[in-house]
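The values are calculated or read from the model by the stated rules, or taken from the named source; none is laboratory data. The shown structure was predicted, so the numbers you read here are calculated from the model rather than taken from an experiment. Glycine also receives a Cβ, built like all others from the backbone with ideal geometry; neighbour counts cover every protein chain displayed. Just the protein is used for accessible areas: all its heavy atoms, side chains included, with ligands, DNA and RNA removed. Shrake-Rupley method; radii C 1.70, N 1.55, O 1.52, S 1.80 Å.
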Amino acid sequence: MTADRKAGQPISSVFPHLSTWDLPDLISIKDANFSDVDAVFCCLPHGTTQEIIKGLPKHLKIVDLSADFRLKDLSEYEEWYGQPHRAPDLQKEAIYGLTEVLREEIQNARLVANPGCYPTSVQLPLVPLIKASLIELKNIIIDAKSGVSGAGRSAKENLLFTEVTEGLNSYGVTRHRHVPEIEQGLADASGSKVTVSFTPHLIPMSRGMQSTIYVEMAPGVRIEDLYQQLKLSYEDEEFVVVLENGAIPRTHSVKGTNYCLINVFPDRIPGRAIIISVIDNLVKGASGQALQNLNLLMGFPENLGLHYLPLFP
């Protein structure tokens, strides 16, 4: 386990909840011996990962949790992240790690770009419906809400308890960095450009994410068609669950787990549908999906290390 400022410290000084485990002290990346390492999770800030991964031994399997390798178009990366991409050859090699959608590609990869939390919660319900031509590609509206842990662990004024608690606020309006990632995935599913309206919100809870998605159904399509397509698409999937008709997904039901719960409802506006998707932003939206992807890379059972029940209440 590597660190920068915290190098030399025990892991329990950074994450006290791990103090009961006998884990090695943190070391700097330059002191790490990768000769007997098979795989690496890279969890560095955006913009720093490219140089680090470029310098790692080529035998390593890598799952990168930053955004540095998610966007195939390097000019889009520069536009949204404010700096040029410094490892374009690696970008060509990277496979986007939306596990249930790109499982075969991930199995044969060396470098996997783990998806962002919002894109995971949005693409899992929308990709099957777009592939089946059941919804229109226009007028897709995504109202998404995340717990505070989605903003990271740094001490920031807008994330102080008194700033967040008992309130709700939008952020990144029209310019959230997950927008091009969502649009890239939906375009891959449709074979044509897709533009969405996406607004994220910060909710005063530690973890959890809900995306409420408003879509226009294709001519002649009924709500039941959307529901049955989702059921069919995920009937053999362990971690993506389409609930029974009428059941509303709740973030409490996925807390601390790798599950994504989905359901679809008729809108009051004729021809439109409302899709609700919930995940734990830290698990299916980050580390859980990363572990799921590593299991695929290494030929392990895909659910290894992921058998957790939701923590309730």
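General observations
- Selection of first residues in the stretch 177-198 that are under 14 Å from LYS131 (Cα atoms) and of second residues that are among the small types (Gly, Ala, Ser) and at pLDDT 95 or above, restricted to Cβ pairs under 8 Å at least 6 apart or on distinct chains, gives the following pairs, ordered by first then second residue: LYS193/ALA187; VAL194/ALA187.
- Failed item, numbered, when SER12 is tested on (1) among the small types (Gly, Ala, Ser); (2) in a loop (DSSP other than H, G, I, E, B); (3) free of Cβ contacts under 8 Å to residues at least 40 places away in the same chain: (2)
- Odd one out for SER12 among (1) surrounded by 13 or more Cβ atoms within 10 Å (Cβ to Cβ); (2) under 24 Å from the mean Cα position of the chain (by Cα): (2)
- Looking across the stretch 267-311, the residues that are assigned to a loop (DSSP other than H, G, I, E, B) and touching a Lys or Arg at 6+ places or on another chain (Cβ under 9 Å) come down to ASP280, ASN281, LEU282, GLU302, PRO310, LEU311.
- All of (1) in contact with a Lys or Arg (Cβ under 9 Å, 6 or more places away or on another chain); (2) part of a loop (DSSP other than H, G, I, E, B) hold for GLU216 with one exception: (2).
- Residues in the stretch 243-266 that are without any contact (Cβ under 8 Å) to a residue 60 or more places away in the chain and in a strand (DSSP E or B) were compared, and the one that is surrounded by the most Cβ atoms within 10 Å (Cβ to Cβ) is LEU261.
Yes/no per residue for (1) touching a Gly at 6+ places or on another chain (Cβ under 9 Å); (2) under 30 Å from VAL40 (Cβ atoms); (3) among the basic types (Lys, Arg); (4) touching a residue at least 60 places away in the same chain (Cβ under 8 Å):
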site: ARG268; (1), (2), (3), (4): no, no, yes, no
site: ARG272; (1), (2), (3), (4): no, no, yes, no
site: ASP280; (1), (2), (3), (4): yes, yes, no, yes
site: LYS284; (1), (2), (3), (4): no, yes, yes, yes
site: ALA290; (1), (2), (3), (4): yes, yes, no, yes
site: PHE300; (1), (2), (3), (4): no, yes, no, no
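- One residue stands out among those in the stretch 167-182 that are part of a loop (DSSP other than H, G, I, E, B) and within 15 Å of GLY147 (Cβ to Cβ): the one that is least open to solvent (accessible area, probe 1.4 Å), which is GLY167.
- Some residue of the stretch 104-121 being closer than 20 Å to VAL242 by Cα and either open to solvent by 50 Å² or more (accessible area, probe 1.4 Å) or of a type in the set (Val, Ile, Thr) (or both): yes
- Residues (open to solvent by 40 Å² or more (accessible area, probe 1.4 Å) and in a loop (DSSP other than H, G, I, E, B)) located in the stretch 72-100: LYS72, ASP73, GLY82, GLN83, PRO84, ARG86
- Restricting the stretch 33-58 to residues that are small (Gly, Ala, Ser) and either modelled with pLDDT of 95 or more or loosely packed, with under 13 Cβ neighbours inside 10 Å (or both), the residue that is farthest from LEU111 (Cα to Cα): SER35
- Of all residues in the stretch 183-218 being among the hydroxyl-bearing types (Ser, Thr, Tyr) and either surrounded by fewer than 16 Cβ atoms within 10 Å (Cβ to Cβ) or in contact with a strand residue (DSSP E or B) (Cβ under 6 Å, 6 or more places away or on another chain) (or both), the one that is modelled with the lowest pLDDT: SER206
- If the condition is being free of Cβ contacts under 8 Å to residues at least 40 places away in the same chain, open to solvent by 60 Å² or more (accessible area, probe 1.4 Å) and on the phi < 0 side of the Ramachandran plot, then the stretch 139-166 contributes ARG153, SER154, ALA155, LYS156, GLU157, ASN158, LEU160, PHE161, THR162, GLU163.
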